[in-house]
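Everything on this sheet refers to the single structure shown next.
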Amino acid sequence: MANSQGAFSLVDLIESIPDQGATWGPPITTETTLNGVPYAPYSKGDKLGRMADWTADSKDGRDGRGGRQQYNRNFRDQQVYGAGTTTLFAAPVAEDESSFSVVSNVRDSGKTRFGRGAVFARGRGQRGGRGDSRGGRQQFQRSGGRGGQQYGGYSDRGGRGGQGQRGGRRFGWKDYDKPARNRDASVNVKADWKLLEEIDFNRLGKLNLETDEGEDVDSYGFLHAYDRSYDKPAVKSNERKLTALDRAAYNVTTSSDPVIQELAEKNEATIFATDNILSMLMCSTRSVYSWDIVIVKQGNKIFLDKRDNAALDMVTVNENAADAPLEASEGSKDSINQPAALAEEATYINHNFATQVVLENQKFEMAHENPFYNAAEESAPAASKAYKYRRFDLSTSEEEPTYLIVRTELDAVQKNAISGDDQFVTVHALNEFDSKAQGSGGALDWRTKLVSQRGAVVATEMKNNSCKLARWTVQSILAKADVMKLGFVSRASPKTNDKHVILGVVGWKPKDFAAQMNLSLSNGWGIVRTIADMCLKAEEDGKFVLVKDPNKSILRLYEVPAGSFDDDVEELPDQVEEEAEADE
């Protein structure tokens with residue numbers, strides 16, 4: 001009842017509540033109609049305008065639409081009442097196997113198929129709402145610097161990098177179904193070869209041995225002066241053609257070198273090698289293609305040799321490119337752009353380029369004559385080449401001194417522009433086959449970009465030809481060359497590989513170039529000393545073969561029987577006699 005002021009008291013309110021006995025809530029009724037209308041459950045799909053659902057079971061107050069977009073006016077007609085509470089009062093299924101999970105106490109290593117530490121961030125603003133298929137701005141992305149290569153990002157060519165990168169190529173796109181390449185080994189491993197060691201590149205990369213800069217033991221041959229006119233960029237209307245000059249050049253293996261044989265008899269060192277073989281071993285962790293080195297142990301001496309027509313004599317092309325040139329077995333239909341054809345072309349270019357860029361009317365004589373050239377037997381004049389035999393100390397203790405003698409090569413000599421002193425030069429050539437062909441590694445067009453974007457051209461070559469450039473740099477440092485000249489030679493026409501033009505030459509100090517490539521000589525010396533120790537610990541003299549696996553980053557050391565590679569040599573005299581008898 002209302003009081004005199006027209007308000008209800010608490011007692012009146014309690015007395016107005018009907019007595020329900022032991023029950024609580026509305027009165028119990030058996031009626032199924034309300035005012036004659038059958039009762040129907042409320043549909044949760046009915047729109048209620050902008051009513052807020054405060055009972056939604058979501059994290060941080062966000063429902064399926066996500067955060068700030070939940071109450072946006074663009075979605076006001078799409079809010080569903082009770083959408084977040086559909087499972088609060090649902091009766092559990094008797095046996096729901098979908099909720100079953102295995103509980104394991106094994107610690108997660110954090111390793112995924114994309115590698116340790118890969119970031120799979122979707123980001124706030126995905127394009128078009130299809131973030132899972134197209135990827136957001138951060139999908140499958142590692143943080144990167146401005147303009148650098150993005151491993152796993154959109155673009156591997158100088159995007160802005162880091163967060164917010166837009167870029168083009170998606171991580172792993174069109175790579176999941178790419179078949180693994182199966183290359184052939186440089187040498188056939190026979191059944192009677194005994195496997196001694198198997199070393200992966202990760203272990204080799206951790207080796208380290210500090211050495212001195214070496215000392216000169218002796219020098220042979222002569223050098224012509226370098227023609228500085230090649231340093232000027234070539235004019236398009238007056239491009240210099242690469243010409244083939246008939247000059248006698250030699251690539252004698254270590255044990256066949258008469259100077260090394262003489263030095264070995266005098267016990268001048270423990271390990272003997274040539275710069276071509278030694279550079280391959282020191283830069284082995286950068287190699288992709290298969291190669292092999294023959295190691296001969298005689299007493300307490302080690303000779304690093306190569307086979308005739310060995311793979312390491314050939315100059316590779318784009319060996320380290322992400323999409324290297326394809327073999328014929330891999331579906332390549334362009335025969336002149338296959339790895340073997342490109343290597344033969346590059347070797348031909350390097351030989352002729354080194355003989356063309358010198359002035360033969362200027363000559364610099366070394367202490368001794370060329371040890372391999374015999375004027376009575378050779379019809380062509382000797383090429384400009386100097387051989388310096390240098391010794392390096394690879395000792396790890398004073399009790400057991402270990403020295404290495406290597407035959408190094410120089411290609412030319414030039415005058416210092418400031419002091420006028422003689423500077424020794426090594427000459428090599430990079431070659432362009434077709435910037436638009438498969439296997440070009442994203443290289444720029446040299447004819448249009450070499451002058452204006454020389455840094456970008458060189459950086460691309462460092463990436464695509466890391467092993468080749470590292471070997472050339474090591475050879476220049478071993479020879480103590482003052483300057484390393486790199487020529488840029490391109491095909492006159494991308495469709496033919498027999499005519500070439502010289503577009504320009506760039507010179508670097510070898511140590512500066514090594515710093516740009518992040519090349520560690522101490523790591524290379526550690527690899528050499530480790531392989532030499534493996535062979536020296538053998539009780540008896542013998543022959544070993546170090547083989548780079550054609551498809552894996554692994555080196556394998558085999559012990560081979562004597563005469564394993566002498567079959568061809570032994571058969572050669574018999575073949576000559578048979579041919580002579582046939583002629584008679």
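The table for this structure:
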{"item": "Lone unmet requirement of (1) surrounded by 21 or more Cβ atoms within 10 Å (Cβ to Cβ); (2) under 25 Å from the mean Cα position of the chain (by Cα) for Asp445", "result": "(1)"}
{"item": "Single match in Glu461, Glu409 (criterion: among the charged types (D, E, K, R) and over 28 Å from Glu360 (Cβ atoms))", "result": "Glu461"}
{"item": "Failed item in (1) assigned to a strand (DSSP E or B); (2) farther than 27 Å from Lys509 by Cβ; (3) touching a Gly at 6+ places or on another chain (Cβ under 9 Å), with Asn361 passing the rest", "result": "(3)"}
{"item": "Pairs, first more than 15 Å from Cys467 (Cβ to Cβ) in region 304-327, second β-branched (Val, Ile, Thr) and assigned to a loop (DSSP other than H, G, I, E, B), C-beta under 6 Å, six or more apart", "result": "Leu304/Thr254; Asp305/Thr253; Asp305/Thr254; Lys306/Thr253"}
{"item": "Residue check for Ser490: more than 21 Å from the chain's Cα centre (by Cα), without any contact (Cβ under 8 Å) to a residue 12 or more places away in the chain and more than 30 Å from Arg203 (Cα to Cα)", "result": "no"}
{"item": "Residue that is nearest to the chain's Cα centre (by Cα) [pool: residues in region 322-336 that are in a loop (DSSP other than H, G, I, E, B), hydrophobic (A, V, I, L, M, F, W, C) and surrounded by fewer than 20 Cβ atoms within 10 Å (Cβ to Cβ)]", "result": "Ala322"}
{"item": "Output for region 417-456, where each listed residue is within 17 Å of Gln338 (Cα to Cα) and part of a strand (DSSP E or B)", "result": "Leu430, Asn431, Glu432"}
{"item": "Selection from region 475-495 of residues that are in a loop (DSSP other than H, G, I, E, B) and in contact with an Asp or Glu (Cβ under 9 Å, 6 or more places away or on another chain)", "result": "Ala479, Lys480, Ala481, Asp482, Ala492, Pro494, Lys495"}
{"item": "Pair list, Cβ under 7 Å, 6 or more apart: region 338-354 residue under 15 Å from Ala328 (Cα atoms), other residue charged (D, E, K, R) and surrounded by fewer than 19 Cβ atoms within 10 Å (Cβ to Cβ)", "result": "Gln338/Glu327; Pro339/Glu327"}
{"item": "Qualifying strands (runs of 3 or more DSSP E) (wholly inside region 230-319; at least 1 residues being under 27 Å from the mean Cα position of the chain (by Cα) and surrounded by fewer than 19 Cβ atoms within 10 Å (Cβ to Cβ))", "result": "none"}
{"item": "Any hit, region 536-544, residues being of a type in the set (Asp, Glu), closer than 16 Å to Glu198 by Cα and outside any strand (DSSP E or B)", "result": "no"}
{"item": "Every residue from region 342-383 that is surrounded by fewer than 19 Cβ atoms within 10 Å (Cβ to Cβ), within 27 Å of Pro233 (Cα to Cα) and of a type in the set (D, E, K, R)", "result": "Glu344, Glu360, Lys363"}
{"item": "Positions within region 288-347 being farther than 30 Å from Lys543 by Cα and charged (D, E, K, R), in sequence order", "result": "Asp323, Glu327, Glu330, Lys333, Asp334, Glu345"}
{"item": "Selection status of Gln414, assigned to a strand (DSSP E or B), at pLDDT below 95 and under 27 Å from Trp525 (Cα atoms)", "result": "no"}
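Residues are listed down the side, and each one gets a yes or a no for (1) among the aliphatic types (A, V, I, L, M); (2) under 29 Å from Thr396 (Cβ atoms):
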{"residue": "Ala225", "(1), (2)": "yes, no"}
{"residue": "Tyr230", "(1), (2)": "no, no"}
{"residue": "Pro258", "(1), (2)": "no, no"}
{"residue": "Ile271", "(1), (2)": "yes, yes"}
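Yes/no matrix, rows are residues, columns are (1) closer than 23 Å to Ala311 by Cβ; (2) of a type in the set (Gly, Ala, Ser); (3) modelled with pLDDT under 95:
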position: Asn464; (1), (2), (3): yes, no, yes
position: Leu478; (1), (2), (3): yes, no, no
position: Thr496; (1), (2), (3): no, no, yes
position: Asp541; (1), (2), (3): no, no, yes
position: Val560; (1), (2), (3): yes, no, yes
position: Ser564; (1), (2), (3): yes, yes, yes
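Conditions (1) closer than 20 Å to Glu432 by Cβ; (2) surrounded by fewer than 21 Cβ atoms within 10 Å (Cβ to Cβ), marked per residue:
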{"residue": "Lys485", "(1), (2)": "yes, no"}
{"residue": "Phe488", "(1), (2)": "yes, no"}
{"residue": "Ala492", "(1), (2)": "yes, yes"}
{"residue": "Thr496", "(1), (2)": "yes, yes"}
{"residue": "Val505", "(1), (2)": "yes, no"}
{"residue": "Trp508", "(1), (2)": "yes, yes"}
{"residue": "Ala515", "(1), (2)": "no, yes"}
{"residue": "Ser520", "(1), (2)": "no, yes"}
{"residue": "Gly524", "(1), (2)": "no, no"}
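The values are calculated or read from the model by the stated rules, or taken from the named source; none is laboratory data. Because the structure is predicted, anything quoted here is derived from the model rather than measured. Neighbour counts are summed over all protein chains in view; Cβ atoms, including those assigned to glycine, are modelled from backbone coordinates with ideal geometry.
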